[in-house]
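These notes concern the structure reproduced below.
Read the figures in this text as sums done on the coordinates, not as results from a lab. Note that this is a predicted model, so its numbers are computed, not measured. FYI the Cβ positions are ideal-geometry reconstructions off the backbone, even for glycines, and counts take in every protein chain you see.
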Amino acid sequence: MIRHCVFVKFRSDVAATERAAIHADLEALCQAIDGMDMVHFSANVSPEPFARGFSHGFTIDFRDAAARDAYLVHEAHQRAGARLVDALEGGTDGLMVFDLEISPA
C-alpha cells in the first residue's frame with residue numbers, strides 16, 4: 001500500500017468553505033480511480049513546534065504504486081491539484097508531498 005501524505009500552507013484569505021471544497025474534490029476521486037481508498041483531512045494538531053508553517057494536511061491510501069500513479073495523471077486530480085495550489089502561500093512552495101510504502105503487518 002502507498003500512503004500519499006500532503007502537507008499545506010493555506011493562504012490566510014482562503015475561507016474554510018474553499019478548503020472543504022478542495023478536500024471534497026479530492027475525496028470524490030475515490031469513485032473514479034480504482035485502488036484509491038481512504039482520504040483523511042485535518043488541521044495540524046501536533047503539540048510539537050516542527051510544522052514549519054504547514055497548517056493542514058491530508059493522506060490518501062492507494063492499493064499500490066500503480067493506483068497512485070493513475071491518480072497523479074488523472075484529469076480530475078490535475079484540476080483539484082491546481083485549485084489546491086492556487087489556495088496556498090507561494091503556490092507549490094506551500095506544499096509538501098511524501099509517499100510512504102506501508103507493508104502489511
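Remarks
- Helix-only arithmetic for the chain: the sum of -39500 (n - 2.57) across DSSP H runs with n ≥ 4, divided by the residue total, places the mean residue ellipticity at 222 nm at -10000 deg cm²/dmol.
- Spacing of the modelled spin labels on ASP64 and ASP86, each 7 Å from Cα toward Cβ, amounts to 3.6 nm.
- Computed from phi, the 3J(HN,Hα) profile of region 31-44 under the Karplus parametrisation 6.51, -1.76, 1.60 (θ = phi - 60°) reads 6, 9, 10, 5, x, 8, 9, 5, 10, 10, 10, 6, 6, 5 Hz, with x in place of Gly and Pro.
- Here is the list for region 1-98: trypsin sites (Lys or Arg not before Pro) lying in DSSP coil, each with at most 15 other C-beta atoms within 10 angstrom of its C-beta, are ARG11, ARG52, ARG63.
- Gyration tensor verdict on the chain (Cα atoms; rounded if a/c is under 1.5, prolate if a/b is larger than b/c, oblate otherwise): oblate
- Under 5 Å, built H, 5+ apart or other chain: amide partners of SER55: VAL8, LYS9, PHE10
- Over region 45-105, volume per residue of the alpha carbon convex hull, in Å³: 113 Å³
- Built amide H within the under 5 Å cut-off of ALA32, gap 5+: none
- Under a 5 Å amide H cut-off, with hydrogens placed 1.01 Å from N, LEU88 pairs with ARG11 among residues at least 5 apart or on other chains.
- Shown in residue order for region 15-21 are the 3J(HN,Hα) couplings computed by the Karplus curve 6.51 cos²θ - 1.76 cosθ + 1.60 at θ = phi - 60°: 5, 4, 5, 5, 4, 5, 5 Hz (x for Gly and Pro).
- Using a cutoff of 8 angstrom between alpha carbon atoms and counting only pairs six or more residues apart, the relative contact order for the chain works out to 48 percent.
- A Förster radius of 30 Å combined with the Cβ-Cβ distance from VAL73 to SER46 puts the calculated FRET efficiency at roughly 0.40.
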